[in-house]
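A short write-up of the structure that comes next.
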Amino acid sequence: MHLVVGLGNPGTRYARTRHNVGFRVVERLASRAGATVEKKLFGALVGDAVLGGRKAALAMPQQFMNVSGQPTASLLGYYKVAASDLVVIHDDMDLPLGRLRVRVGGGHGGHNGIRDIQRTCGAEFVRIRMGVGRPPPQWDPADYVLSTFTAEEEPSLLSMVEAAADAAESVVRDGVASTMNRFNAVRPEPAASP
């Protein structure tokens, strides 16, 4: 069994922000599986689903991003899931909008939600990093991740949410190595016509 945790901030004020892309992926996974993520447990909304033919628990911590660790650790214990079977989906300013990276471990890169989960659960869990791009030079990064996507960015966002849901299903079904090979491959630009 896997625990799939999407990171975000609770409440309608933050629902469409860059920081909440993890929530959007968990909602998409639940929709695909015909499941709901509504049960309140350990400071998170949770639901049971079948992803890629295998059991998984879906979760969205309902405390603020920088204290995501305790709900995640409590859910690992409740579901008796090893940290190696934890999948955390989150925004990443170091990747361009629309780009995904699947990895195990690594540093938090300044992401406070990841930092807190590493503090409570260790660092050896699967991460699906979703690119939200860098802010313009005059824009504070904290304000940037709490901003909403523009109309021009929306198609890339929707495509990325689908791809991240595919990646999460792949981790559960096929394992992390196979998923990294599939989703981290650099796709070449199309050749120019002669």
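The distance from the alpha carbon centre of segment 1-75 to that of segment 167-184 is 19 Å, rounded to a whole number. Taking each DSSP H run with n ≥ 4 as -39500 (n - 2.57) and averaging over every residue of the chain yields -10500 deg cm²/dmol at 222 nm. For the chain, the C-alpha radius of gyration sits at 0.98 times the compact-globule guess of 2.2 N^0.38 Å, with N the residue count. Structure remark: mean-square fluctuation, Gaussian network model of the chain, C-alpha springs under 10 Å; the largest value among D48, D85, D140 belongs to D140. Distance between the pseudo-spin-label points of V104 and A15 (7 Å out from Cα toward the beta carbon): 3.7 nm. Projecting the Cα atoms of S178, Q138, N112 onto the charge dipole of segment 2-183 (Cβ charges, centred on the Cα centre) puts S178 farthest toward the positive pole. Counting only GluC sites (Glu not before Pro) that sit in a DSSP loop (anything but H, G, I, E, B) with at most 16 other Cβ atoms within 10 Å, what is the longest stretch of the chain containing none of them? Within the chain, the longest run free of exposed GluC sites (Glu not before Pro) spans 39-123. For the chain, the membrane-span-like helix rule (DSSP H, alpha carbon extent of at least 24 Å along the helix axis, mean Kyte-Doolittle at least -1.0) picks out 154-174; this says nothing about an actual membrane. Stretching D174 away from K39 to a fully extended chain increases their span by 45.8 nm, per 0.36 nm per residue minus the current alpha-carbon distance. Using alpha carbons only, the radius of gyration of segment 1-65 set against its Kirkwood radius gives Rg/Rh = 0.96. Only beta bridges with both residues in the chain are counted; by DSSP, about 55 percent of them are antiparallel. Kirkwood hydrodynamic radius computed over segment 124-169 comes to 12.3 Å, based on all pairs of distinct alpha carbons. Here segment 66-158 is treated as a sphere whose radius is the Kirkwood value from Cα pairs; by Stokes-Einstein at 10 °C and 1.306 mPa s it diffuses with a coefficient of 111 µm²/s. Taking 0.36 nm per residue of separation and subtracting the Cα-Cα distance, full extension of the segment from S147 to E162 would add 3.3 nm.
Just so you know, all these numbers are worked out from the coordinates, no wet-lab data involved. What you see is a predicted model, and the numbers here were worked out from it, not measured in a lab. Quick reminder, even Gly has a Cβ in these numbers, built from the backbone with ideal geometry, and neighbours come from all protein chains shown.
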